[in-house]
Amino acid sequence: MSRLLHVSSSPRGPRSESLALAATFLDTYREHNPLDDVDTLDLWDGTLPDFGPAAAAAKMAVFAGEEPQGAAAEAWSRAVATFRRFDSYDRYLFSVPMWNAGIPYVLKQFIDVVSQPGMVFGFDPVSGYTGLLRGKKAALVLTSAVYGPGRGPAFGSDFQAPYLRDWLAWAGVPDVEEVAFRPDLATADAAADRLRAHEAARRLAAKF
Ligand SMILES: Cc1cc2nc3c(=O)[nH]c(=O)nc-3n(C[C@H](O)[C@H](O)[C@H](O)COP(=O)(O)O)c2cc1C
């Protein structure tokens with residue numbers, strides 16, 4: 001039995017393309033894996049801790065082999081709790097709209113909160129970083145409304161998919177699959193593209 005966590009980063013609720021694709025993925029996944037635990041972490045629900053001065057101080061203290069104190073210790077325990085919840089799953093589905101060529105800031109905040117030494121990564125001055133997440137895999141549902149591969153520089157760049165793939169590989173999750181919905185507003189039929197994306201989400205979920 002596996003545990004799948006859907007990390008949701010669009011705030012657009014019923015109007016969200018990425019959430020609709022994630023719902024299609026999760027429906028199919030549940031059909032094929034009825035005994036698995038499947039949960040959603042809505043990054044906009046107000047429970048995600050911030051990662052400000054106290055948390056940054058805690059991270060640097062831990063990196064230096066020291067014990068965080070006071071406000072830093074409190075921020076550290078919130079980061080540890082968020083990491084532990086994330087780490088209790090072995091499969092991840094990230095649903096991610098493109099925002100300004102990258103990812104919504106709540107998802108970056110989540111990544112900053114959980115990416116801690118001794119949890120997500122180890123570091124050695126000679127050999128560099130080691131990802132500490134083990135035995136996990138991830139699927140990405142990616143949407144954008146202007147950018148699309150092959151559309152040219154006037155339609156923007158993609159720091160969404162490469163960033164997420166890189167973060168996951170760095171954290172120890174090289175096994176990453178993806179479904180993208182990037183309708184071409186100039187030429188294509190968005191409805192047909194949407195149907196194809198939902199079909200791709202079903203196929204991916206059936207073998208995930
Ligand atoms: C704040 C914001 C920034 C956006 N930036 C981009 C962008 O840089 N490139 C792009 O192609 N689409 C951009 N979009 C459009 C969204 O990526 C697109 O509508 C996507 O399907 C939204 O996903 P959602 O419906 O799941 O929220 C942006 C939308 C918002 C709200």
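The values are calculated or read from the model by the stated rules, or taken from the named source; none is laboratory data. Every value quoted in this text rests on a predicted model; they were computed, and no experiment measured them. A quick note on method: Cβ atoms are made from the backbone with ideal geometry, for glycine too, and the neighbour counts reach across all protein chains shown. All accessible areas refer to the heavy atoms of the entire protein, side chains included, with ligands and DNA or RNA removed. Shrake-Rupley method; radii C 1.70, N 1.55, O 1.52, S 1.80 Å.
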Whole angstrom only: what separates the Cα centroid of segment 93-120 from the Cα centroid of segment 138-208?
16
For the chain, what log10 I(q)/I(0) values come out of the Debye formula at q = 0.08, 0.09, 0.16 1/Å, with one point per alpha carbon and no solvent?
-0.30, -0.38, -1.09
Return a whole-number percent for the relative contact order of segment 3-207, with Cα pairs under 8 Å and 6 or more residues apart as the contact set.
24
Please give the peptides 114-123, 91-100 ranked by average Cβ packing (other Cβ atoms within 10 Å per residue), highest first, as a rough proxy for protection.
91-100, 114-123
Take a quick pass over segment 3-207 and tell me how many lysine pairs come in under 24 angstrom between Cα atoms, counting only ones 8 or more apart or on separate chains.
5
What distance in nm lies between label points placed 7 Å from Cα along the C-beta direction at LEU35 and ALA154?
5.7
Using protein chains only and a probe of 1.4 angstrom, how many square angstrom of THR40 are accessible, to the nearest 10?
70
How do SER10, SER127 stack up against each other in accessible area, from largest to smallest, with a 1.4 angstrom probe?
SER127, SER10
Rounded to the nearest 500, the 222 nm mean residue ellipticity computed for the chain from DSSP H runs (n ≥ 4, each -39500 (n - 2.57)) alone is -13000 deg cm²/dmol
Let's test the formula: R0 of 41 Å, r as the Cβ-Cβ distance of GLU178 and ASP50. What FRET efficiency results, to the nearest 0.05?
0.90
Determine the relative contact order of segment 109-208: mean sequence separation of Cα pairs under 8 Å and six or more apart, normalised by residue count, in whole percent.
28
Sequence ranges 147-156, 15-24, ranked by mean other-Cβ count within 10 angstrom, highest first
15-24, 147-156
Contour minus Cα-Cα span, MET60 to GLU199, at 0.36 nm per residue, comes to 45.6 nm
Chain lengthening between LYS207 and ASN100 when straightened (0.36 nm per residue, less Cα-Cα)
35.3 nm
